[in-house]
Each structure stands twice: as structure tokens, then as C-alpha cells.
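The values are calculated or read from the model by the stated rules, or taken from the named source; none is laboratory data. Values in this document were obtained by computation on a predicted structure and should not be read as measured data. Counting neighbours? That spans all protein chains shown, and the Cβs are built from the backbone with ideal geometry, glycine included. Note: accessible area is taken over every heavy atom of the protein model, side chains too, but ligands, DNA and RNA are not part of it. Shrake-Rupley method; radii C 1.70, N 1.55, O 1.52, S 1.80 Å.
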Amino acid sequence: MKKKLLLMTLFVGFAVIGRAGGIMTNTNYHIAFDRMFARGTSFEIDAAFSNPAGFAWGHEGFQMSLNFQKPWQNRDIETTFPMQQMMYGDPTFKYHGKASAPIVPALFAAYKKERLAVSFMLGIVGSGGYVEYNDGVPMFNVLLASMLAGNGLTPDQYKLKSSMKGKQYIYGGQLNLTYRLTDHISAAVGLRANYYDGYYRGYVLADQHPALGELANLQLDVDQRAWGFTPIISVDYHNGPWTVAAKYEFRTKINTTNTTNQLQAAMGQGLQQAIMAKYGDQGLAVLQGIGQTLDAKMASYKDGAETRYDMPSLLTVAVGYDFSKRLRGALEYHFFDDKHAKMANDRQELLSHGTHEFLAGVEYDVNDKLTLSCGGQRTDYGISDEYQQNTSFACDSWSLGLGGAVKLNDKVKLNVSYFCSLYSDYTVESASYLGTGVAGKDVYSRTNHVIGIGIDYKF
């Protein structure tokens, strides 16, 4: 009985397992990244994020940039479990998660005078979107159906309604100060203020039993907000066609606070009657134990409760080379130290290592007006079976991007881009799926597409 009642504790834990920490840290703010990826040696306006020290070799005077991106992403879970034969007519069912975001903007500005430069960036620096499962997720639906079946209530006797939705945005404003130390070496220091804004809403309802009415009603509606600050240092070496740059972002502590609008994990009258009928004189003790377990699990999600969601430290190293006046290329490496970024319930300890990213890109000036570029990125997460959850999962990927820039005049440049990520499916098999004692498996898959447009202006 205790294992079958795990559903209720998992539902209350939805806000925790919906978090991904540094695994969701964004790096694509400017359209130049989307069409080339390896921008760690940039001297252009996007260097406000990718290479702040690089402004020492950039445009003299003031410049700014406004960028817009539109992403589309699916996050699907294909679950194989015998109980789903009764629920959906087939033991294998795909739970479709649609992730989306409105137009995502980013603003850049910089001013350089001789050896000194100041730059600024404003954008969505972490997470950044919504995900919704209109049919719920298996960790809720399957467990509820299994629990009811254990008390003699099969899916043909009730209607199961379920939906899960979450939002996560981390808005960031970053200010950098750059100074050219020698003819070939520059350095920069910066600080980014980060504001976390998210919510988790969902329900699982089993009702309309012909004789017993409502069986179970699980509800969650929690808003979470917090501030965090990120110190940043970077260096750049530039000599002839060669540029070598490095940047380090310190770990950002983010401790969210709940504003709880609704939190309920109630057994309906029908389920209570079924438990009493099954356990007889011990039924009241079983019900009391369930209530105590639910109260303990709900404590973390009551109004005012706090949850950690740190952004990890980030190290980037890049090498760029100008093959000619028209052709440029770069290689880059990123390391997100996710294992030392605090997550709720110390979930970071389930990772085998931090995130490794390898990037490469080339850029070619077709003529004085048109520039074309393309690039690729390999992302290797330290994912384990234990880390993957229905409400938060990651898959290793290859990303490909392309696009171009058109100089409309001496001051204005238009950037356009498209990139997609090709994810590897991740399969988790269990001899006792979700503690039910029956074998089952989840296959996690994702797709991602982004188009972008932006304007750079040099004064």
C-alpha cells in the first residue's frame, strides 16, 4: 500500500523535479551565436556576453543591438507499462510535452574609448519558456491507476483527467568593464543580476465512479521567485590573425520563495471507502498514515517555503583564427559545473559530471555587404538514470546553425539565423516501474528549432 501511495508524494514534489539547474543555462542571446555558435573570440557587440574582454579590440565609440528569437521544442515521454493497456488501449503510450516561448528578446550596448570599454547585456539567461503536458505524465497517471487498481478500481470504472504545466524564466542584466592592459592583452570584470520567475500548475483527478463518485483529487499551483548575482571575469589575447580568450562565471546562488495559491492531495470519499473495505479495522490507521505522509511532503511547497535553484559556474575557452580578410573560424569549449550547483533535494549529486560543450564555427564575407556563417555544437550532459524524471529530463545533443548578416549601410547590420538541435533518445528501464512491482520503461526524446533576427547599430 505504501508504494502505491507514492503517487501523492510525487505529485507534491512536482515543483522540485521540474528544475534543471545549470543544465538549462542559456548561451544563445545574440543572433550571431545562432548562426555560428563559437563566438568566444568575438570583438563585435555580442561580446558583451561571449567575450567581454574582446571589446578592447572592437568598435571605437557607441554601439547597440536588439535581437529576437522564436524557439519551438517538444519534450516527449514514450512509456511502456501493462496498466496502460486498460487506460489507453495499448501498453505503450506517448505523453506529448509541448515547450514554447513567445518572442525572446535580448538587448546589447557598448561604448569604447581607447583602452577602456563598458558593455551591457539584458536577456533571458536561464530556462526561458513554458512546457505543458495536456495528458499529464506517467509518474502521476500510471501510479494513480495502479493505486486504484490495488483497491479493486480499474480504469473502466472512472475517468482520469491530468495536466501538468510549468514556466521557468531567469532574466539577467549584465554590466562589464574592459581594459586593454598591453598591445595584445585585455581583461574584463563584470556582474550579472539574475531574477528567477517560475510557476508550476497541475492536477490529477479520478472521478465519476458510478457508485463512489470522486476517488482522488490532486492539485498544485505554486509561484516561485528569487534574485541571484553572478561575478564574471574574462581575458583576451589578440595578436595578428590569432585570438585566444577565456571567461569564468562564478556560481550563482538562487533561493526561490513560494507563493502557494493551491496545494491539495486529497483522497475522495470513494477511495476512502475502498480502503476501509479492504483493510477493515486497520483502515483508519492506513488513512491517518497517508495524511501524515502528505503533510510532511507538502511542507516544502507551502507558502513562503524556499527551494534552491543555483546556476552553475561556467568556464569558456576559445581560439579564433583569421584565415584571410574574408574568412574567420573559431573553436570553443564550455564547462558548466552542474555537480556543484545546489538543486532541490541535492539532485545535482545524481549527475555523473558537469556539462561539456564543444563548439566550432566559420564566417565568410561574400562581399562588403553580405556575410554568411555556420557552426555546430556538441552537448554532453552528465545524466544518469536516477537523475531523469518525467517532469525534468535532458538528452545529449548535436546542434547545427546557419545564417547571415547584411550591412544595410555603414551603421546598420541585419542578422538572421536558424538552428536546430538533434537529441539522442534516453531510455530508462525498471524492473519495478515507479515502485509498482511491475516492469516498465520510459523513452525520453526532444526536438528543438529556433529562428532569429536582429539589428546591430554602430554610432
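For segment 415-431, the candidate set comprises residues that are among the hydrophobic types (A, V, I, L, M, F, W, C) and within 30 Å of Lys369 (Cβ to Cβ); within that set, the residue that is most open to solvent (accessible area, probe 1.4 Å) is Val416.
Yes/no matrix, rows are residues, columns are (1) outside any strand (DSSP E or B); (2) crowded, with 17+ Cβ neighbours inside 10 Å; (3) small (Gly, Ala, Ser):
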site	(1), (2), (3)
Gly320	no, yes, yes
Ala330	no, yes, yes
Gln348	yes, yes, no
His353	yes, no, no
Leu359	no, yes, no
Asn367	yes, no, no
Arg378	no, no, no
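Of all the numbered requirements in (1) among the β-branched types (Val, Ile, Thr); (2) buried (at least 20 other Cβ atoms within 10 Å of the Cβ); (3) at pLDDT 95 or above, Thr92 misses one, and that requirement is (2). Candidates are the residues of segment 396-414 that are of a type outside the set (A, V, I, L, M), open to solvent by 70 Å² or more (accessible area, probe 1.4 Å) and in a strand (DSSP E or B); the one that is nearest to Tyr381 (Cα to Cα) is Trp398. Is segment 80-100 home to any residue that is more than 22 Å from Asn141 (Cβ to Cβ) and small (Gly, Ala, Ser)? Yes: one or more hits.
Test Asp425 against the stated conditions and say whether it is closer than 25 Å to His353 by Cα and modelled with pLDDT of 95 or more.
yes
Can you spot a residue in segment 444-455 that is in contact (Cβ under 8 Å) with a residue 40 or more places away in the chain, among the hydroxyl-bearing types (Ser, Thr, Tyr) and open to solvent by less than 20 Å² (accessible area, probe 1.4 Å)? Yes. Test Lys369 against the stated conditions and say whether it is in contact (Cβ under 8 Å) with a residue 40 or more places away in the chain and more than 17 Å from the chain's Cα centre (by Cα). When the stated conditions are applied, Lys369 does not pass them.
Taking the criterion of being surrounded by fewer than 18 Cβ atoms within 10 Å (Cβ to Cβ) and touching a strand residue (DSSP E or B) at 6+ places or on another chain (Cβ under 7 Å), the only residue of segment 381-395 that qualifies is Asp385. Considering segment 332-346, the residues that are hydrophobic (A, V, I, L, M, F, W, C) and open to solvent by less than 20 Å² (accessible area, probe 1.4 Å) include one that is nearest to Ala32 (Cα to Cα), namely Phe336. Looking at Arg308, Arg328, just one residue is farther than 16 Å from Ala32 by Cβ, touching a residue at least 12 places away in the same chain (Cβ under 8 Å) and of a type in the set (D, E, K, R), and that residue is Arg308.
Out of segment 415-453, which residues are of a type in the set (D, E, K, R) and part of a loop (DSSP other than H, G, I, E, B)?
Asp425, the sole residue that qualifies.
In the set (1) among the acidic types (Asp, Glu); (2) in contact with a strand residue (DSSP E or B) (Cβ under 6 Å, 6 or more places away or on another chain); (3) open to solvent by 60 Å² or more (accessible area, probe 1.4 Å), the condition left unmet by Glu114 is number (2).
Here segment 287-305 is the region considered, the condition is being open to solvent by 60 Å² or more (accessible area, probe 1.4 Å) and farther than 25 Å from Tyr199 by Cα, and the residue that is modelled with the lowest pLDDT is Gln292. Any residue that is of a type in the set (Lys, Arg), at pLDDT 95 or above and out of contact with any helix residue (DSSP H, G or I) (no Cβ under 7 Å at 6 or more places or on another chain) - is there at least one of those in segment 27-48? Among the residues of segment 27-48, at least one is of a type in the set (Lys, Arg), at pLDDT 95 or above and out of contact with any helix residue (DSSP H, G or I) (no Cβ under 7 Å at 6 or more places or on another chain), which makes the answer yes.
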